[in-house]
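Undergrad: Have a look at this one.
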Amino acid sequence: MSYIPTYKTKYREEIIPALMTEFGYKSTMQVPKLLKIVVNQGIGQAIADKKIAEFSVNELTAITGQKAVAKRSTKDISNFKLRKDMVIGSMVTLRQDNMYDFLERLIASALPRIRDFKGVNSKLDGKGNYTLGLEEQIIFPEMVLDQIHKIMGMNITFVTSAETDEEAFALLKHFGIPFKK
């Protein structure tokens, strides 16, 4: 028997029926789904210190369980002392089982570890996508405090197939993302 993530099963057995009754869909194919999760970390400090880029890639790989990619600048910007092809960020795109596993770890173990946590902002982008900004990577249990060289934030973008923000909000709420009231 092959491994099936808990949140994938939850989506099929609980979320699809709940959204079908909530929005009156006639087919299960109309129900919005989570397409991908993109975890992005901007590392502008890597211009001065090249090792920060390497640390960022390694940390994102540990957090997500999938190899992170270093992103490079496309042009020169003299005001930022930026040259073309310098590393300025790292990112991971999670799909399928890796996406559901990361979502479960984010909701069950990482978000509750944030100090003075009252929920996440509920503003979507108008196209059914949601971006969550985190200020420090140490909230993830995969991070060992002794091995962290610099505390950096990250953006986590949830890309859904929803047509409207209301559908995407309902989908993410059913997954268990703790939105502010």
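Undergrad: Sum -39500 (n - 2.57) across every DSSP H segment of at least 4 residues in the chain, then divide by the residue count to get the 222 nm mean residue ellipticity, nearest 500.
TA: -7500 deg cm²/dmol
Undergrad: Averaging sequence separations of C-alpha pairs under 8 Å and six or more residues apart, then dividing by the length of segment 1-140, give the relative contact order as a whole percent.
TA: 24
Undergrad: Oh, and also: Give me the angle, in degrees from 0 to 90, between the Cα long axis of helix 96-105 and the longest principal axis of the Cα atoms of the chain, rounded to the nearest 10.
TA: 80
Undergrad: What ranking do D165, D125 get, fewest neighbouring Cβ atoms within 10 angstrom at the top? Present the calculation step by step, with values, prior to reporting the outcome.
TA: Working: D165 18, D125 12.
With the sparsest Cβ surroundings first, the list reads D125, D165.
Undergrad: So, one more: Round to the nearest 0.05 the FRET efficiency obtained for R83 and T61 when R0 = 25 Å and r is the Cβ-Cβ distance.
TA: 0.45
Undergrad: Moving to a separate point now. Subtracting the Cα-Cα distance from 0.36 nm times the residue separation, let me have the gained length for I107 to D49 in nm, one decimal. Before the final figure, lay out the partial values.
TA: Working: separation 58, 0.36 × 58 = 20.88 nm, distance 3.27 nm.
So the chain would gain 17.6 nm between I107 and D49.
Undergrad: Compute the FRET efficiency between M29 and V69 as 1/(1 + (r/R0)^6), taking r as their Cβ-Cβ distance and R0 = 30 Å, and round to the nearest 0.05.
TA: Efficiency computed from Cβ-Cβ geometry: 0.40.
Undergrad: Net charge around K8, counting only other residues with Cβ within less than 15 Å of its Cβ (Lys, Arg = +1; Asp, Glu = -1)?
TA: My count for the surroundings of K8 gives +1.
Undergrad: Right, here's the next one. What is the sum of charges, Lys and Arg at +1 and Asp and Glu at -1, for the other residues whose Cβ falls under 15 Å from the Cβ of T61?
TA: The answer is -1.
Undergrad: Related question: Please express the Cα-Cα pair-distance distribution P(r) of the chain as a list of whole percents, one per 10 Å bin, running from 0 to the bin with the greatest distance.
TA: Percent of Cα pairs in each bin: 9, 33, 32, 19, 6, 1.
Undergrad: Sequence-distant or interchain residues sharing an amide H contact under 5 Å with K36, placed H: which?
TA: Those qualifying (amide H under 5 Å, at least 5 residues apart or on another chain) are V159.
Undergrad: Let me ask something additional. What FRET efficiency comes out for the pair T6/K180, r = Cβ-Cβ distance, R0 = 25 Å, nearest 0.05?
TA: The value I calculate is 0.50.
Undergrad: What nm distance separates the two modelled labels at K127 and D97, each placed 7 Å from Cα along Cα→Cβ?
TA: Going by the 7 Å Cα→Cβ label model, 3.1 nm.
Each reported figure results from applying straightforward, stated rules to the coordinates on display, with no laboratory input. Since the model is a prediction, treat every value here as computed from it, not as a measurement. For neighbour counting, all protein chains shown are included, and Cβ atoms are generated from backbone atoms with ideal geometry for every residue, glycine included.
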